[in-house]
There are 4 protein chains.
Amino acid sequence: MAKIGFVGLGNMGGPMASNLLKAGHELKVFDIVPELVKKSSEQGASSVDDVSEVVKDIDVFISMLPASVHVESLYLGENGILGVIDKSTLVIDCSTIAPSSAKRVSKAADERGLTMLDAPVSGGVGGAVAGTLTFIVGGSDEGLDSARPFLEDMGKNIFHAGGPGAGQVAKICNNMLLSVLMTGTAEALQLGVDNGLDPAVLSEIMRKSSGGNWALEVYNPYPGVMDGVPASNEYEGGFLVDLMIKDLGLAMEAALEKGAATPMGSLARNLYITHGGNGYGRKDFSSIQKVFSKNANR
Amino acid sequence: MAKIGFVGLGNMGGPMASNLLKAGHELKVFDIVPELVKKSSEQGASSVDDVSEVVKDIDVFISMLPASVHVESLYLGENGILGVIDKSTLVIDCSTIAPSSAKRVSKAADERGLTMLDAPVSGGVGGAVAGTLTFIVGGSDEGLDSARPFLEDMGKNIFHAGGPGAGQVAKICNNMLLSVLMTGTAEALQLGVDNGLDPAVLSEIMRKSSGGNWALEVYNPYPGVMDGVPASNEYEGGFLVDLMIKDLGLAMEAALEKGAATPMGSLARNLYITHGGNGYGRKDFSSIQKVFSKNANR
Amino acid sequence: MAKIGFVGLGNMGGPMASNLLKAGHELKVFDIVPELVKKSSEQGASSVDDVSEVVKDIDVFISMLPASVHVESLYLGENGILGVIDKSTLVIDCSTIAPSSAKRVSKAADERGLTMLDAPVSGGVGGAVAGTLTFIVGGSDEGLDSARPFLEDMGKNIFHAGGPGAGQVAKICNNMLLSVLMTGTAEALQLGVDNGLDPAVLSEIMRKSSGGNWALEVYNPYPGVMDGVPASNEYEGGFLVDLMIKDLGLAMEAALEKGAATPMGSLARNLYITHGGNGYGRKDFSSIQKVFSKNANR
Amino acid sequence: MAKIGFVGLGNMGGPMASNLLKAGHELKVFDIVPELVKKSSEQGASSVDDVSEVVKDIDVFISMLPASVHVESLYLGENGILGVIDKSTLVIDCSTIAPSSAKRVSKAADERGLTMLDAPVSGGVGGAVAGTLTFIVGGSDEGLDSARPFLEDMGKNIFHAGGPGAGQVAKICNNMLLSVLMTGTAEALQLGVDNGLDPAVLSEIMRKSSGGNWALEVYNPYPGVMDGVPASNEYEGGFLVDLMIKDLGLAMEAALEKGAATPMGSLARNLYITHGGNGYGRKDFSSIQKVFSKNANR
C-alpha cells in the first residue's frame, strides 16, 4: 500500500479519494472547502492545514481540480508544489484542462526531474463513486506503468493517448465528437418524428445502420425510447450541459491554438451555450433534444 | 419462383436484377439505356419495347430510379403504370426519393387498390452486386410479408420503418446522421493530430468511448488507420460525395416541409457541397477528412 | 383611372387595396374571409361571390396571397383564373412565393398570351398602410412600364430584378442576407457587451466601419440603442420571426433546387426556427438578440 | 513637434512611422529586421541598437506588432520596457491583439503610473501609406486627447470605444461582423446568380434594401460588379484571408473567455480556415465568393 497526497475533494475528487482509502492506501488530503476535508477525514484520510504539507513524505500525488487556472496555480508559481515536492513522487493530475496548460505543467515537472501524467477521466460522478472511471492518460510508458495500480483502484478502463498533454487532447477530441453525435442524433430523431416515424423504431434502424453511434447504443436522447437514461428521467443527472460547454471550450482553445477548423464542434458549442442560456445548464447534455422538440410542439 | 417486372438497370438496379435472375425468378426488364437492357437480357431477362409492357402478366413490379421526378413520371401521370398494372401485382420502389414523393405515389397506388412499398436501400454498388443490401421499408405489414422473399434475394437486412413513405424518411434521417458523424469524426481526428496525437491511437480511444460511432468502427476517414476502407485507397469507391449531397438534399426537403431545425445536417450539407465544388464529387464521402487536413498541411 | 381586380385582403392586401381605392381606381375584390371583403366594400370596393367573377371586365388583376400553394391554386388548375381571364388584362402577383412556383405560373400566363409580373413587396404592414412599400419585380420591361402607375399607388420604391420569377429570387436573396446580418450584428453586439463595451458606442463604431449594415443603420437589435425600433419596444411589431422563417424556407428551397451552398443562410434559418420554438415566433425578427443575451444574463 | 519612439516597422508600422516623420516629428525606431530599420533611417528616423534605448528621452511611444505574444514580450517581463520607460511618456499600442492581453499590459502600465492606449487600426497597408487609417481606441479620455494629434498624423477617423482594451474589443467585434456580412453577401449573390439573376442588378437591389451593408456599398465580392475592388482584380491585394483568420481567432478567444455564443462568427471562421487551406490565404477576404462559385461552375 502507498502513501498518497490528494488535492481536490469535490464531486469527482471526493469519491476518488474514498476509493483509494478503500483500497487500503494511506491518504493525506487537502481542499479549500473545510467540509470536504472533514468528510474525507471521517473516511480515514489525514488532513493538513496547508497544501504544501500534502506533498511531504508521499509516494504518489494526485490532483482533481476544476480548471486550468487552478492546476497552474497549484503546481507552478512562487509557492507551487513542484518547488517542494520530492523528486521520487509520482504526480498525476486528473483534472480536465487545456492541453497547453497540461503541457506547461508537465514540462515544469520534467525540468524538476519529476514523473508526471495528465489523466483526465470520463464516467461522471456515478463512475467516480463506483470506481468505474475511464482514464485517458498522457505521459511516458514508465509513468503509466507506475500509475496503473492506483488508477485501477479508481477506474476500469485506462487508455494511453501519448506523451505529456495527450490525455487532455484525446479527452477533448472525444467529447467534442460526442457533442456532435448527440446533437446530430437528436435532430435526426426529431426529423423522423416530424415526418411520422416512431422514435424507437427509427432509433433501432439507425443504431444497426451507418448512423450507429454511442448515443443510440446506450444514451438515447429521445424521451421514452430507452430505460434508465436521463432522457427518460426528464434529463436529470448524467453529464451536465454546463460541463459539456466547459469541455467544448477547451476543444475550441486547442483548435484556436493550432488554427484547426472544427465547424461541427463549433456549432455544437454554440448550440449548447444557447441551450444553457434557456435554462438547461444543470440538465443532462442529451437534453439538446429539447432544442428540436420544442419547435415541433408549437 | 415469380414473374417480376423490373425498371431501372443502372449501377444499382442492374446487379439487383441479376440477383433476382440468379434466384430463379423470371424477369421482364426495361431501361431507357439500350445497353443496360442488353446486358440484363444476356443474363436471362426478357426485354420489352415499352415500359407499359413490363407490367403485364407479372406478380411483382420493382423500380430502381435516380430521383423523385423519374419515379413520379413512371407511376403517375397520363401514361403512368399505375393506370395499367394489374391490381394483384405487388409494387416495390427501391429508389431513394423525397418522402413526400413516395407518399404521393403510394397514395395513388392505394387508391387503385394496389399494395405498394417504398424500400430504399443502403450498401452501395458493392452490396447490390453481393446481394447484401439493406432495405428500409415503408408500407403495410402484409405488403412487407409478401415482399420479404424477393428483398432477401437482393439483400441481407430488412427494416420496417412504418407506413407508406416511412422507408424514405428513415433512410434520409440515417444518412443525414451519417454525414454529421463522419464530418464530426474527421474534424475530431484532425484536431487530435494537429495537437500531436497518433490518429490510430485516438481513433481507438474514441471508438471505445462515448465518441464511438459507425465511422470509427468500420469506415475510418483518416488515411492509413484502417485497412480496406476508401480512406486507405485515396478515397476511391465507396459512397460518393455527390450521392451524399443528393441524400442531404432530400433530408433538407423533408425538414423544410415540416419546419424542422437541422443545424448539424444543414451544415454538413453545405460542407459537402463546397467539398464537391473543390473536385471531390466522385470521391468517397469519407474524403471530407481532406477539408480539415488540407489546412493542417499548409 | 383603371378597373382593378384584387384577391387577398389580409394584413398586407387589405391596406394595399385601400390605397388603390384612395388613388381613385375602381376595385372588385375577393377573399375567402367575408369580414375582410366587407371591410374593403365599406371603403368603396365592389365585391363578388366567386373568384372567377373578379377577373371579368378589368384592366389589371392583383393578387396578394400567403404561399405558393394558394397562388398556384388561384391561377392554375381546372378552375384557375388563367383559363378565364381576358388576354388584355395585366396580371400582378404580389405574394412572396417560391421562385419555381412564380416561374410556373408566369409560364402558364405567357402561354395564354397574358402579361404577368411577380412583384413581392417589402416594408411590412406599416409600409402597406402608408403606401411606402418596396416592390421587387420580375417580368418584362413592357409589363413593368404598364404596372408602374399602380405599384406607385401602393409603394415608393420599385426595383426591376429581371425576367419572370426574378422578383421572387431577389426578394429571398435579400431576406436571407438580412437574416444573416441581423444575427451577425446581434452576436457582435453581445460579444462587445460581454467584454465591457457600451452597445451604443460599439454600434456607432461598427456602423461607420466595415461592419456597417442596414440593421446598425435603422434597425438596431440591442434594446435601448435606437429609438422607435422593435428592440426598444420589447420586440413588438415589425417583421415577425415566423415570417422570416417562411422567407428563409423559400431561400432554402431555391438553394436546394440549384444545389447551391448557403452555410450562413442555413444556420440563420436553424437559429430562427429554434428561436421561434422558444416562444418568439410572433416577435420582431431583431429579437434574435435574445438568443445571445439570455446566455449572458445567467 | 514631439519626440516619438516607434517599435515595429513592418507593412503597417513602416508607413505609419513615415507619416509621423513627414508631419515633422523626431523619431527613434527599432525593429528586429535590420532592413526595415535602415529604410526608416533613410527617411530621417534615428535608430538604436536595443529596444530599451528607444524609450529614452521621448514624449510618445508607439508599437505596431503582429500578435499578443510580441506585445506582452515587449512591455512586460524582466526586460519589459514598462520597467524603464519614463512615467511622463504617452504609450500607444497600435497592434491588433487579444483584449485580455491588451488589458494585462494596460493594467501593468497603469500600475507604473503610465498613460497607455490600445489603438488598433483598420484600413490596411493602403490606409497606412495614405495616412487614412481608422483608429479604434481604448483608454482614458485624457489619454486619447493627448494622443489625438499623433493619431491624426497617421489616420483619418478616430473612435473612442471605452476603457483599456476596449479598442481591441471593438475592432474584433467589427471584424467578426465583417466576416459574417461578407460571407453572407457572397452566398446571397451566388444564390441569385444560380437562379438566373444578374449579380450587378441583385447587388444594387440589396444595397438599397434591408440587405444593405458595407460589402455591397464599397467592396462587392462578385467579380466584375464593382470597379477598383479586389474582386475585379482576381482578389489580389486588400485584406488577406490569413489576416481575417487571425482576427476571427481573437474574436473566438474573447468569446471563449466570456462564454459567449457566436454561431455566425464561428462558422465564418471555419469557412475562412478551410478557404485558406484551399490556397486562398494570401488573397483578399472577399474571395470567399469562390467557395460558392466553384460549386456553381462544376
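The values are calculated or read from the model by the stated rules, or taken from the named source; none is laboratory data. Bear in mind the structure is a predicted one, so any value in this text is a computation, not a measurement. Cβ placement follows ideal geometry from the backbone for every residue including glycine, while neighbour counts extend to all protein chains displayed. Remember, those area values only see protein heavy atoms, side chains included, never the ligands or the DNA or RNA. Shrake-Rupley method; radii C 1.70, N 1.55, O 1.52, S 1.80 Å.
Just one of the listed residues (C:E234, C:E204, C:E187, C:E217) is closer than 20 Å to A:S266 by Cβ and among the charged types (D, E, K, R), namely C:E187. Of all the listed residues (B:V60, B:V51), the sole one being of a type outside the set (S, T, Y) and either open to solvent by 40 Å² or more (accessible area, probe 1.4 Å) or modelled with pLDDT of 95 or more (or both) is B:V60.
Within region A:91-146, the only residue that satisfies the criterion of being open to solvent by less than 10 Å² (accessible area, probe 1.4 Å), of a type in the set (D, E, K, R) and either assigned to a helix (DSSP H, G or I) or within 13 Å of chain B (Cβ to nearest Cβ) (or both) is A:D118. None of D:I62, D:I97 is in contact (Cβ under 8 Å) with a residue 24 or more places away in the chain and in contact with a Phe, Trp or Tyr (Cβ under 6 Å, 6 or more places away or on another chain) except D:I62. Identify all residues within region D:203-215 that are under 30 Å from the mean Cα position of the chain (by Cα) and in a helix (DSSP H, G or I); write none if there are none. D:S203, D:E204, D:M206, D:R207, D:K208, D:W214, D:A215 - these are the residues of region D:203-215 that are under 30 Å from the mean Cα position of the chain (by Cα) and in a helix (DSSP H, G or I). Restricting attention to region A:31-48, the residues that are of a type in the set (A, V, I, L, M, F, W, C) and open to solvent by less than 40 Å² (accessible area, probe 1.4 Å) add up to 3.
When C:A161 is tested against (1) in contact with a Ser or Thr (Cβ under 9 Å, 6 or more places away or on another chain); (2) crowded, with 21+ Cβ neighbours inside 10 Å, only condition (1) is not met.
Quick one: which residue in B:I85, B:I172, B:I158, B:I97 is farther than 18 Å from A:K208 by Cβ, under 17 Å from the mean Cα position of the chain (by Cα) and of a type in the set (V, I, T)?
The unique qualifying residue is B:I97.
For region B:240-297, what are the residues that are among the charged types (D, E, K, R), free of Cβ contacts under 8 Å to residues at least 40 places away in the same chain and closer than 23 Å to D:Y272 by Cα?
B:K294
Has region B:151-162 got at least one residue that is farther than 18 Å from B:S63 by Cα, more than 8 Å from every other protein chain (Cβ to nearest Cβ) and of a type in the set (S, T, N, Q)?
no
Among what's in region C:19-56 and is of a type in the set (V, I, T) and in contact with a strand residue (DSSP E or B) (Cβ under 9 Å, 6 or more places away or on another chain), pick the residue that is nearest to C:L90 (Cα to Cα). Step by step, filter region C:19-56, then rank; the result is C:V55. Among the residues making up region D:164-202, those that are of a type in the set (D, E, K, R) and either open to solvent by 30 Å² or more (accessible area, probe 1.4 Å) or not in a helix (DSSP H, G or I) (or both) are D:D194, D:D198. Is region D:5-25 home to any residue that is at pLDDT below 95, touching a helix residue (DSSP H, G or I) at 6+ places or on another chain (Cβ under 6 Å) and not in a loop (DSSP other than H, G, I, E, B)? Within region D:5-25, not a single residue is at pLDDT below 95, touching a helix residue (DSSP H, G or I) at 6+ places or on another chain (Cβ under 6 Å) and not in a loop (DSSP other than H, G, I, E, B).
Restricting D:G24, D:G14 to those that are of a type outside the set (A, V, I, L, M) and in contact with a Leu (Cβ under 8 Å, 6 or more places away or on another chain) reduces the list to D:G14. The numbered conditions (1) open to solvent by 10 Å² or more (accessible area, probe 1.4 Å); (2) without any contact (Cβ under 8 Å) to a residue 12 or more places away in the chain are all true for A:I205 except (1).
A quick yes/no check of all residues on (1) touching a Leu at 6+ places or on another chain (Cβ under 7 Å); (2) not in a loop (DSSP other than H, G, I, E, B):
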site: C:L36; (1), (2): yes, yes
site: C:I58; (1), (2): no, no
site: C:V69; (1), (2): no, yes
site: C:E72; (1), (2): no, yes
site: C:S88; (1), (2): no, no
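In the set C:S286, C:S293, C:S203, only one residue is closer than 26 Å to D:A166 by Cα, of a type in the set (S, T, Y) and at pLDDT below 95; that residue is C:S293.
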